[in-house]
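Presented below is the structure to which this report refers.
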Amino acid sequence: IRIFVLILFFAFLVVNDFFTFSTFGKILEKSIRDVDLVARYGGEEFIAIVHFNLDRELLVLLKRIKSIVTENSFIYQDKKLKITFSAGVTIRNKYPTYDIALQKADSLLYKAKETGRNKILLDNGIEI
């Protein structure tokens, strides 16, 4: 059974908007498979729709993206920058509609940001 996951990502970096989101978008695009989808969603967020068969596949993907973003320094105007990373994750099949799943992912993202950033909150209570 393939399950669809909605993930709202936020990477915070106080620099030029183009640099931040074009760089983060490239990281996401390189981290997902051809069957998955990633797009900018709103002003500071990205959404990914990911297909997976096993929970551990999803956890591996999330951990990999978080480590790429947070464990690397990025260079902007000859300065090393660190980026914080937050995400809210929902399993689409648990919700009656796409919109409800998206609202839940969004609320998890904001909870992650409000409680210290640099974390991923899943709708099953797992925090990465």
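Before moving on, here are some points about what is shown:
- Whichever residue in the range 29-43 is open to solvent by less than 80 Å² (accessible area, probe 1.4 Å) and outside any helix (DSSP H, G or I) and, among such residues, is farthest from GLN103 (Cα to Cα): ILE32
- Scan of the range 61-80 for residues that are under 14 Å from ILE27 (Cβ atoms) and hydroxyl-bearing (Ser, Thr, Tyr), ordered by number: SER67, THR70, SER73
- Residues located in the range 81-101, provided they are of a type outside the set (Val, Ile, Thr), touching a Lys or Arg at 6+ places or on another chain (Cβ under 9 Å) and touching a residue at least 40 places away in the same chain (Cβ under 8 Å): PHE85, SER86, ALA87, GLY88, TYR98, ALA101
- Considering the conditions (1) open to solvent by 30 Å² or more (accessible area, probe 1.4 Å); (2) assigned to a strand (DSSP E or B); (3) not aliphatic (A, V, I, L, M), SER86 is excluded by exactly one of them, (1).
- Pick from the range 91-128, criterion basic (Lys, Arg) and assigned to a helix (DSSP H, G or I), ranking: surrounded by the fewest Cβ atoms within 10 Å (Cβ to Cβ): LYS94
- Criterion: touching a Lys or Arg at 6+ places or on another chain (Cβ under 7 Å), at pLDDT below 80 and either surrounded by 18 or more Cβ atoms within 10 Å (Cβ to Cβ) or charged (D, E, K, R) (or both) - qualifying residue of PHE24, PHE46: PHE46
- Selected residue (criterion: surrounded by the fewest Cβ atoms within 10 Å (Cβ to Cβ)) from residues of the range 52-80 that are in a helix (DSSP H, G or I) and without any contact (Cβ under 8 Å) to a residue 40 or more places away in the chain: ARG56
The values are calculated or read from the model by the stated rules, or taken from the named source; none is laboratory data. Owing to the predicted nature of the structure, the values given are computational and were not obtained by experimental measurement. Cβ atoms come from the backbone with ideal geometry, glycine included; neighbour counts cover every protein chain shown. Remember, those area values only see protein heavy atoms, side chains included, never the ligands or the DNA or RNA. Shrake-Rupley method; radii C 1.70, N 1.55, O 1.52, S 1.80 Å.
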